[in-house]
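Chemist: Shown below is the structure under consideration.
The values are calculated or read from the model by the stated rules, or taken from the named source; none is laboratory data. Computed from a predicted model, the values in this text were never measured in an experiment. Cβ sites come from the backbone with ideal geometry, for glycine too, and all protein chains shown count toward neighbours. Calculation scope for accessible area: heavy atoms of the full protein, side chains included, ligands and nucleic acids excluded. Shrake-Rupley method; radii C 1.70, N 1.55, O 1.52, S 1.80 Å.
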Amino acid sequence: MITILYTSKHGATAKIARVINTYLDHTCTLMNLDELDMAVLEKTDTIVLGVPVYYGALDPKMVDFIKKNQGLLIKKHYSIYITALFHTEFMSYITKEFDYSILKNVTTMAGLGGAIYYPDLSIQEKMVLAVMNKNRPIIPKEHHVNIFENFDNHEIELFSQKIKRIDNYACK
Ligand SMILES: Cc1cc2nc3c(=O)[nH]c(=O)nc-3n(C[C@H](O)[C@H](O)[C@H](O)COP(=O)(O)O)c2cc1C
């Protein structure tokens, strides 16, 4: 049994969870951390953690969950995917937050891309993104009013295949 546990302010991390679930033949339980169900997690063999990046750091709610629930995670196969525009830098976001005691037990990790849904953003978020984009241009100008997605579809498929293999192995 696989559970994908995620946080998602604007929907991209949730969207990736749904795509992974599709690659896994709709066999996963999708769980938003805001609706955490520990009884389901206790029963699950494989936990996939979906963690977005904001302001140069992993979402603190999920970081807190992972740190407080190391005991539970160690008993499972657990994997992490990062949702971020600068997704190739996922390891630097991860190593900034987690030490070896957590990382040595992670089965697989990946950076899968991110998205900006402009109509959903607050003025403050738009300002932060404008500064970020000025310093390190990543969002083309024509996307500044609408939707920009830079999901790495190939990585999403590879990550899903790894999860499938891990869970098949766990169930043997
Ligand atoms: C206010 C704000 C700050 C962000 N900061 C970063 C960042 O520092 N690095 C990065 O790679 N992506 C950054 N992003 C992009 C997010 O990681 C991307 O929008 C991701 O899809 C967010 O996940 P969500 O849609 O599930 O909320 C930021 C996005 C917002 C709105």
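Chemist: Can you name every residue in segment 121-166 that is acidic (Asp, Glu), open to solvent by 50 Å² or more (accessible area, probe 1.4 Å) and modelled with pLDDT of 95 or more?
Modeler: Passing the criteria: Glu149, Glu155, Glu157.
Chemist: In addition: Taking segment 94-125, which residues are free of Cβ contacts under 8 Å to residues at least 40 places away in the same chain, charged (D, E, K, R) and in a helix (DSSP H, G or I)? Please lay out each step first, then the result.
Modeler: First pass over segment 94-125, keeping only residues free of Cβ contacts under 8 Å to residues at least 40 places away in the same chain: 94-96, 98-106, 109, 118-119, 122-125.
Next cut, charged (D, E, K, R) only: 96, 99, 104, 125.
Listed by number, the residues that qualify are Lys96, Glu125.
Chemist: Somewhere in segment 94-108, is a residue within 18 Å of Leu158 (Cβ to Cβ), open to solvent by 50 Å² or more (accessible area, probe 1.4 Å), hydrophobic (A, V, I, L, M, F, W, C) and within 16 Å of the ligand (Cβ to nearest atom)? Lay out the reasoning, then the answer.
Modeler: Taking segment 94-108 first, the residues within 18 Å of Leu158 (Cβ to Cβ) are 94, 106-108.
Checking the rest, the ones that are also open to solvent by 50 Å² or more (accessible area, probe 1.4 Å) come to 107.
Narrowing the set further to residues that are hydrophobic (A, V, I, L, M, F, W, C) leaves none.
There is no residue in segment 94-108 that is within 18 Å of Leu158 (Cβ to Cβ), open to solvent by 50 Å² or more (accessible area, probe 1.4 Å), hydrophobic (A, V, I, L, M, F, W, C) and within 16 Å of the ligand (Cβ to nearest atom).
Chemist: Restricting to segment 128-143, name every residue that is in a helix (DSSP H, G or I) and either near the ligand (Cβ under 9 Å from one of its atoms) or touching a His at 6+ places or on another chain (Cβ under 6 Å) (or both). If you could, list the steps in order and put the result at the bottom.
Modeler: We begin by selecting, within segment 128-143, every residue in a helix (DSSP H, G or I); these are 128-135, 141-143.
Listed by number, the residues that qualify are Val128, Leu129, Met132.
Chemist: Regarding Asp25, is this residue closer than 16 Å to Gln161 by Cα, open to solvent by 70 Å² or more (accessible area, probe 1.4 Å) and free of Cβ contacts under 8 Å to residues at least 40 places away in the same chain? Even if it seems obvious, please write down each step before you answer.
Modeler: Working: closer than 16 Å to Gln161 by Cα: yes; open to solvent by 70 Å² or more (accessible area, probe 1.4 Å): yes; free of Cβ contacts under 8 Å to residues at least 40 places away in the same chain: yes.
For Asp25, the condition - closer than 16 Å to Gln161 by Cα, open to solvent by 70 Å² or more (accessible area, probe 1.4 Å) and free of Cβ contacts under 8 Å to residues at least 40 places away in the same chain - is met.
Chemist: If you don't mind, another one. Quick check on this structure: which one of Met62, Met91 is without any contact (Cβ under 8 Å) to a residue 24 or more places away in the chain and either outside the structural domain of Ile139 (by TED's automatic domain parsing) or more than 30 Å from Leu129 (Cβ to Cβ) (or both)? Walk me through how you get there before you give the answer.
Modeler: Working: Met62 fails: without any contact (Cβ under 8 Å) to a residue 24 or more places away in the chain.
Going through Met62, Met91 in turn, just one is without any contact (Cβ under 8 Å) to a residue 24 or more places away in the chain and either outside the structural domain of Ile139 (by TED's automatic domain parsing) or more than 30 Å from Leu129 (Cβ to Cβ) (or both): Met91.
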